[in-house]
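**Student:** A single structure is presented below for examination.
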Amino acid sequence: MGQNQGLLYRITLLLLAAGLIVLVLVVWGRSLLYASCYEGLVFGLVAIGVYLTFRVLAFPDLSVDGTFPLGGAVCAVKIVDGWNPFVATLAAVGAGLCAGLITGILNTKLRLSGLLAGILVMVGLYSINLRILGGANVPLLRQRTIFDVVGDHLGLSGMTLSIVTVLVVVVIVFIILNWFLRTDLGLALRATGDNEQMVRSLGSDTSKTVILGCALSNGLVALAGALVAQNQGFSDVGMGIGMIVMGLATVIIGEGLIPTRGIALILVACLAGTFAYRLLINIALRIDWVRPGDLKLITAGLVIVVLALPHIRKMIRGEWIPPAKRV
Amino acid sequence: MKKLAITMFIVLVIGFVLGLGLTGCGSNNEEETIPTTQPTAQPTQAKQYTIGITQIVTHPALDANKQGFKDELAKLGFVEGQNVKYLDKNPEGDMSLAATIAQQFVSQGVDLILSIATPTSQACVAATKSTHIPIVFGSVTDPVAAGLITSWDHPGGNVTGVSDWLEIPTQIQMALNIMPIKKIGVVYNAGETNSVTQVAQLKTAAPALGIGSVVEATVATSADVMTSAQSLVGRIDAIWVGTDNTVVSGFEALVKVCEDNHIPLFASDTASVERGAVAALGLDYYQVGVKCGDIAAKILNGENPANIPAEKMNLTDLQLYVNPTAAQRMGITIPQTVLDTAYKIINK
């Protein structure tokens with residue numbers, strides 16, 4: 001019975017989502033949808049990274065706010081130096097891996113709490129990013145980026161180019177993660193988040209898996225940062241502010257929309273959640289009296305609604321028994 | 001579950017690619033390309049224009065730029081509410097938001113974008129890269145260094161506008177007329193290309209003006225202004241600020257530090273004098289906006305922005321504002337000779 005009702009609920013949500021998309025198409029046209037698709041894909045990478053630490057490893061890694069601009073900074077500086085943009089993007093991923101490594105080491109070897117480790121890395125990365133950028137901002141307008149290269153090869157431009165390029169990256173990431181998280185190491189990673197003591201008692205080194213998970217997560221976020229910097233034409237030290245909140249919001253929305261059973265569905269849920277979130281944000285920006293500065297409040301409101309929804313459903317169905325009344 | 005997930009994913013991807021393929025050609029033409037080379041009808045006829053306006057942060061100079069622009073366009077027949085709709089979005093210093101706003105303007109298919117200040121202009125130029133949406137920039141100190149245009153006379157793309165370029169030696173000379181300065185401090189955001197250009201000019205001009213040393217203090221956001229200003233205390237005779245958007249938006253913090261430590265503060269935009277600077281030899285940003293309005297009207301009437309030269313303001317347009325009360329609080333008196341030549345004396 002629970003399963004069926006769950007299914008009905010999910011179908012209702014998906015229908016609502018479909019209805020929303022149709023409404024958007026009719027009122028605001030395709031370009032809002034396309035912009036949301038592009039953002040859904042590229043920030044979906046951030047969502048996947050956040051999911052890896054937050055849910056899979058059960059480790060709240062707040063360093064995302066620092067790793068996102070780190071990826072953008074390393075990539076921008078290397079492209080300006082004349083490196084091949086693909087290599088520069090890989091360098092950005094490498095930088096993210098290092099940052100994650102540090103967070104993991106702080107937690108496992110130096111025994112700092114996960115929350116603290118993430119915050120410290122985030123704060124430290126602000127200064128490091130400023131040093132890398134040599135200021136607060138590096139323009140990439142006249143440089144050759146991944147998007148330019150792909151655009152030349154495929155003859156695309158504009159939003160179509162952005163979406164296709166990012167889609168390719170996301171598909172590659174999806175395939176790699178889907179494979180990796182089913183290997184022995186990947187399974188150990190997933191088990192660590194589930195029950196760390198059990199994993200250790202079985203002889204696996206959870207320090208290694210935590211460090212690996214953090215590194216992977218931050219690598220993904222840095223990749224997203226590099227892509228965003230190249231697409232928007234500049235890398236800025238402040239471009240990661242609020243990224244962790246957005247990541248958590250999108251993960252939570254995604255979990256609410258799609259049943260997260262199995263790795264493949266989890267990854268799809270992250271992307272779907274990010275798409276839904278960016279769609280709502282873009283719609284909000286189109287409303288005249290909504291100012292860009294209001295977006296953070298809207299995000300918080302959205303997350304509250306999505307988090308409270310299951311509880312409200314329970315209360316409506318009379319299934320919520322307040323603690324005092326338990327017999 | 002695995003099959004379901006993979007199937008869903010494949011369906012999404014296919015649906016996407018199909019959707020793009022079927023509509024891809026259409027979308028690029030529909031909302032993103034605006035023909036500007038065809039002569040359009042007179043503005044007073046029924047055509048509705050949508051103009052996107054964005055400025056990096058709220059401060060009086062940029063606000064005046066915007067107002068001048070709107071007023072001038074109204075004078076030339078493009079009146080808000082009649083044939084023009086303005087989309088006014090302000091990212092308040094958040095660069096990612098600036099990029100999102102620029103992208104929004106593009107996807108909404110605006111007829112023209114007015115981008116005020118260098119960072120927002122950079123974001124708008126990046127967003128309109130493969131479209132024909134014309135951009136008029138305002139209050140951008142050095143559009144060539146910022147990567148917005150390739151040459152002042154023939155911008156050659158879809159971007160042109162009005163620069164608030166200042167000759168730095170003239171600025172410093174104004175300060176030197178009020179008090180002798182051997183060591184000058186400058187607070188700026190190294191991430192704003194306009195500030196970097198001005199500080200470089202300052203360093204080149206300093207020896208000839210008799211200034212022994214230039215001490216720099218950089219900020220990344222307006223929240224850092226107070227700390228950076230305090231790092232200069234005791235090392236300089238006076239502080240000078242260029243047309244740096246970050247510092248000007250956090251100007252009050254700088255004024256406080258200068259008043260507490262009796263350090264005279266000189267600015268480059270006249271609105272800052274009312275906020276507590278001793279003096280500024282600045283442009284009337286309203287007039288900058290008026291020139292932007294002129295250029296925008298030309299573009300909306302069919303001229304190609306590639307052929308409209310980017311303009312600087314006439315240096316005879318500079319106005320000297322002084323604030324003797326602020327000077328007193330900072331420990332100096334403005335000489336009568338300077339007071340006599342001032343365009344406006346503010347006592348706040």
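**Student:** Go through (1) buried (at least 22 other Cβ atoms within 10 Å of the Cβ); (2) part of a loop (DSSP other than H, G, I, E, B) and name the single condition residue B:122 misses.
**Tutor:** (2)
**Student:** Got a sec? Which of A:120, A:112, A:106, A:116 is more than 21 Å from the chain's Cα centre (by Cα), away from every other protein chain (no Cβ under 14 Å) and in a helix (DSSP H, G or I)?
**Tutor:** A:106
**Student:** Now for a separate question. Can you pull out the helices (runs of 4 or more DSSP H) entirely within segment B:237-348 that have at least 3 residues that are touching a strand residue (DSSP E or B) at 6+ places or on another chain (Cβ under 6 Å)? I'd like the intermediate steps shown before the answer.
**Tutor:** Details: elements: B:245-249, B:251-261, B:271-274, B:285-300, B:324-329, B:336-341.
Answer list for segment B:237-348: B:285-300.
A quick yes/no check of all residues on (1) hydrophobic (A, V, I, L, M, F, W, C); (2) surrounded by fewer than 16 Cβ atoms within 10 Å (Cβ to Cβ):
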| site | (1), (2) |
| --- | --- |
| B:278 | yes, no |
| B:283 | yes, no |
| B:300 | yes, no |
| B:305 | no, no |
| B:320 | yes, no |
| B:342 | yes, no |
| B:347 | no, yes |
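**Student:** Turning to a different aspect of this structure: Would you check if residue B:175 is assigned to a helix (DSSP H, G or I), buried (at least 16 other Cβ atoms within 10 Å of the Cβ) and among the small types (Gly, Ala, Ser)?
**Tutor:** Values: assigned to a helix (DSSP H, G or I): yes; buried (at least 16 other Cβ atoms within 10 Å of the Cβ): yes; among the small types (Gly, Ala, Ser): yes.
It is true that residue B:175 is assigned to a helix (DSSP H, G or I), buried (at least 16 other Cβ atoms within 10 Å of the Cβ) and among the small types (Gly, Ala, Ser).
**Student:** So in segment B:129-138, with the set limited to residues that are more than 14 Å from the chain's Cα centre (by Cα) and modelled with pLDDT of 90 or more, which one is nearest to the other protein chains (Cβ to nearest Cβ)?
**Tutor:** The residue in question is B:133.
**Student:** Taking the condition among the acidic types (Asp, Glu) and closer than 22 Å to residue A:267 by Cβ, does residue A:61 pass?
**Tutor:** Against the criterion (among the acidic types (Asp, Glu) and closer than 22 Å to residue A:267 by Cβ), residue A:61 qualifies.
Yes/no per residue for (1) away from chain B (no Cβ under 11 Å); (2) on the phi < 0 side of the Ramachandran plot:
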{"position": "A:244", "(1), (2)": "yes, yes"}
{"position": "A:253", "(1), (2)": "yes, yes"}
{"position": "A:257", "(1), (2)": "yes, yes"}
{"position": "A:262", "(1), (2)": "no, no"}
{"position": "A:276", "(1), (2)": "yes, yes"}
{"position": "A:279", "(1), (2)": "yes, yes"}
{"position": "A:289", "(1), (2)": "yes, yes"}
{"position": "A:296", "(1), (2)": "no, yes"}
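**Student:** So residue B:142 passes all but one of these: (1) within 13 Å of chain A (Cβ to nearest Cβ); (2) in a helix (DSSP H, G or I). Which condition number does it fail?
**Tutor:** (2)
**Student:** On the basis of being more than 11 Å from chain B (Cβ to nearest Cβ), in contact (Cβ under 8 Å) with a residue 12 or more places away in the chain and either of a type in the set (Lys, Arg) or touching a His at 6+ places or on another chain (Cβ under 8 Å) (or both), does residue A:182 make the cut?
**Tutor:** No: the conditions fail for residue A:182.
**Student:** To continue, here is another question. Could you check, for segment B:321-341, whether at least one of its residues is in contact with a Phe, Trp or Tyr (Cβ under 7 Å, 6 or more places away or on another chain) and not aromatic (Phe, Trp, Tyr)?
**Tutor:** Looking for residues that are in contact with a Phe, Trp or Tyr (Cβ under 7 Å, 6 or more places away or on another chain) and not aromatic (Phe, Trp, Tyr), one finds none in segment B:321-341, hence no.
**Student:** Considering every residue within segment B:248-268, establish whether at least one is outside the structural domain of residue B:95 (by TED's automatic domain parsing), at pLDDT below 95, closer than 15 Å to residue B:189 by Cα and of a type in the set (Val, Ile, Thr).
**Tutor:** yes
**Student:** Across segment B:75-104, what is the number of residues that are touching a strand residue (DSSP E or B) at 6+ places or on another chain (Cβ under 7 Å), more than 14 Å from chain A (Cβ to nearest Cβ) and of a type in the set (A, V, I, L, M, F, W, C)?
**Tutor:** The qualifying residues number 2.
**Student:** Then there is this: How many residues are within 14 Å of chain A (Cβ to nearest Cβ) and either aliphatic (A, V, I, L, M) or assigned to a loop (DSSP other than H, G, I, E, B) (or both) when one looks only at segment B:193-224?
**Tutor:** Residues that pass the stated criteria total 8.
**Student:** Okay, moving on. When both residues are 6+ apart or on different chains and their Cβ atoms are under 6 Å apart, which pairs have a first residue that lies in segment A:218-241 and is at the interface with another protein chain (Cβ under 10 Å from one of its Cβ atoms), and a second that is acidic (Asp, Glu)?
**Tutor:** Correct list of pairs: A:240/A:65.
**Student:** Would segment B:115-122 turn up any residue that is of a type in the set (A, V, I, L, M, F, W, C) and within 14 Å of another protein chain (Cβ to nearest Cβ)?
**Tutor:** Yes, segment B:115-122 has at least one match.
**Student:** Scanning segment B:139-165 for residues that are crowded, with 23+ Cβ neighbours inside 10 Å and among the hydrophobic types (A, V, I, L, M, F, W, C), which turns out modelled with the lowest pLDDT?
**Tutor:** B:146
**Student:** Among the residues of segment A:261-302, which ones are part of a helix (DSSP H, G or I) and over 18 Å from residue A:36 (Cα atoms)?
**Tutor:** A:263, A:264, A:265, A:266, A:293, A:294, A:297, A:300, A:301
The rows are residues; the columns are (1) modelled with pLDDT of 95 or more; (2) loosely packed, with under 15 Cβ neighbours inside 10 Å; (3) outside any helix (DSSP H, G or I).
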{"site": "A:149", "(1), (2), (3)": "no, yes, no"}
{"site": "A:156", "(1), (2), (3)": "no, no, yes"}
{"site": "A:179", "(1), (2), (3)": "no, yes, no"}
{"site": "A:185", "(1), (2), (3)": "no, yes, no"}
{"site": "A:192", "(1), (2), (3)": "no, no, no"}
{"site": "A:203", "(1), (2), (3)": "no, yes, yes"}
{"site": "A:223", "(1), (2), (3)": "yes, no, no"}
{"site": "A:228", "(1), (2), (3)": "no, no, no"}
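**Student:** Same structure again: Cβ contacts < 9 Å: first residue in the same structural domain as residue B:55 (by TED's automatic domain parsing) and assigned to a loop (DSSP other than H, G, I, E, B), restricted to segment B:98-117; second residue of a type in the set (Phe, Trp, Tyr) and surrounded by fewer than 24 Cβ atoms within 10 Å (Cβ to Cβ), any location; separation 6+ or different chain. Result?
**Tutor:** Here the result reads B:108/A:28; B:110/B:49; B:111/B:49, each pair linking segment B:98-117 to a residue that is of a type in the set (Phe, Trp, Tyr) and surrounded by fewer than 24 Cβ atoms within 10 Å (Cβ to Cβ).
**Student:** I'd like to verify a number: residues in segment A:243-279 that are at pLDDT 85 or above, more than 12 Å from the chain's Cα centre (by Cα) and small (Gly, Ala, Ser), how many?
**Tutor:** 2
The values are calculated or read from the model by the stated rules, or taken from the named source; none is laboratory data. Fair warning: this is a prediction, and the values are worked out from it, not measured in the lab. Neighbour counts run over all protein chains shown; Cβ positions are idealised from the backbone, glycine included.
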